[in-house]
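A short worksheet on the structure shown next.
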């Protein structure tokens with residue numbers, strides 16, 4: 001596999017990416033964890049996102065905005081992961097799953113809500129997490145997901161509608 | 001409920017994120033730095049490869065010719081001249097530069113066998129991971145190993161025996177073949193199977209990492225063979241060819257019906273397909289028609305390979321396996337050799353035929369005995 005490369009100063013790039021690691025590893029792991037609900041996979045995805053940042057470092061015009069680049073990589077890798085898990089389920093190949101960190105006995109509303117979010121399709125899930133966990137405006141979500149603001153709005157509306165339905169059924173039923 | 005739901009979502013997701021702390025940050029950082037260094041090596045290797053692209057192309061042709069010269073002449077006398085202990089559950093194998101490389105599925109290692117000295121070494125090619133390698137091929141100075149655990153194709157530097165990066169494909173990756181520079185890989189897919197092709201990318205994330213992209217889907221994961229610029233894919237009773245056009249698009253030819261088609265091999269003499277009905281057929285790549293068919297006398301239990309001298313088929317089942325030698329011109333079976341254990345994968349090169357025994361954790365070296 002040979003891909004055309006531009007020569008670039010590796011020392012600066014390495015320093016920049018390891019600085020990114022120190023600053024953003026934890027929050028990006030949390031973001032991936034909220035989207036996926038799998039701690040081990042979340043950490044692996046952030047690792048990969050950081051390494052991709054290394055590969056694309058020369059394209060980052062303003063290193064101060066590298067966090068946005070990194071966030072985009074994390075979200076896109078999470079979406080790929082969700083899609084792959086769906087494929088694996090269809091072909092009967094089950095990936096090893098980590099035990100959820102969440103206390104199994106804490107069957108409270110927040111846990112129910114989070115599980116409902118993780119039941120959303122990949123793009124809706126990403127929109128919801130970026131909106132309500134990362135607290136990003138719709139314009140930034142659209143940039144990350146490379147879609148229009150209108151698409152983000154419609155995805156959020158669909159997600160809310162679906163969550164309302166699921167949560168009403170789940171929470172009013174008492175039993176999950 | 002809208003406002004309530006908004007607040008509930010924010011509270012719940014923040015609680016979820018707040019409950020999570022990365023397991024071992026210091027170790028993760030060390031692992032990150034190691035992988036960063038490894039990827040830097042890829043950059044260096046790629047730069048060298050790019051600068052010598054023409055030379056590599058020449059080497060590829062020369063190597064192909066060399067393999068052809070090394071092919072065994074027709075003979076019925078076959079013998080296992082050496083058995084090597086390899087890792088657990090050996091699968092695919094590759095012969096390159098006087099070495100045989102074996103992918104050990106169960107213990108996640110690569111075994112390197114030096115043909116001349118007979119020395120072997122088991123290599124942890126993906127340190128820190130728990131790979132499940134299945135296929136290994138050599139191309140452009142790299143080994144490409146499939147890993148079912150991560151659904152990736154892993155380029156490995158044969159000098160160090162270590163992975164240099166990982167390339168995503170679909171689940172359950174299978175064959176990997178090379179048509180000079182492009183690399184093709186088969187895997188499972190929602191449709192059944194897919195073929196992936198490496199290509200320079202400029203994706204949305206700004207990443208310019210090497211990436212394999214799905215270029216064709218099949219009813220089942222296809223078996224692949226390559227000759228020249230053409231890749232032949234066998235899946236669900238159909239054989240078709242794929243070719244990368246100068247435009248960057250992939251041309252897919254109409255499928256050829258081959259009932260019960262399983263594995264496929266290709267060379268200048270034709271396209272060879274073994275079938276569930278104990279037969280081997282030859283397809284003329286020019287007319288795309290089946291021009292000959294012969295009875296193997298035994299169901300093909302494993303893979304097929306071809307070199308200048310013969311078409312080689314691993315037939316039979318565990319405990320009753322055979323290496324069957326077929327004359328490519330007459331399509332007659334001209335030799336059989338019983339093999340112990342569970343022979344399945346096969347490769348030719350370095351003056352021998354090589355077969356892995358999955359149940360005996362062995363590699364057989366098979367040579368002519370006149």
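Please treat every number below as a calculation from the coordinates, not as lab data. All values derive from a computational prediction rather than experimental measurement. Cβ placement follows ideal geometry from the backbone for every residue including glycine, while neighbour counts extend to all protein chains displayed.
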Query - By average C-beta atoms within 10 angstrom, highest first, the peptides B:338-347, A:30-39 - result: A:30-39, B:338-347
**Report entry** Per-selection Rg to Rh, segment B:249-320 - Cα, Kirkwood hydrodynamic radius
**Finding:** 0.99
Query raised in the report: Between segment A:122-169 and segment B:91-132, what is the C-alpha centre distance in whole Å?
Result: 47
Query raised in the report: Rg/Rh for segment B:253-370: what does it come to with C-alpha atoms and Rh from Kirkwood?
Result: 0.96
**Report entry** Shielding by other protein chains, A:17-30, mean Cβ within 10 Å
**Finding:** 3
Requested in this report: Just tell me how shielded B:18-31 is by partners: mean number of partner chain Cβ atoms within 10 Å of each residue's Cβ, no decimals.
Outcome: 5
Query raised in the report: Which order results if B:107, B:284 are arranged by neighbouring Cβ count within 10 Å, fewest first?
Result: B:284, B:107
Query raised in the report: Mind checking the mean number of beta-carbon atoms from other chains within 10 Å of the Cβ atoms in A:32-44?
Result: 3
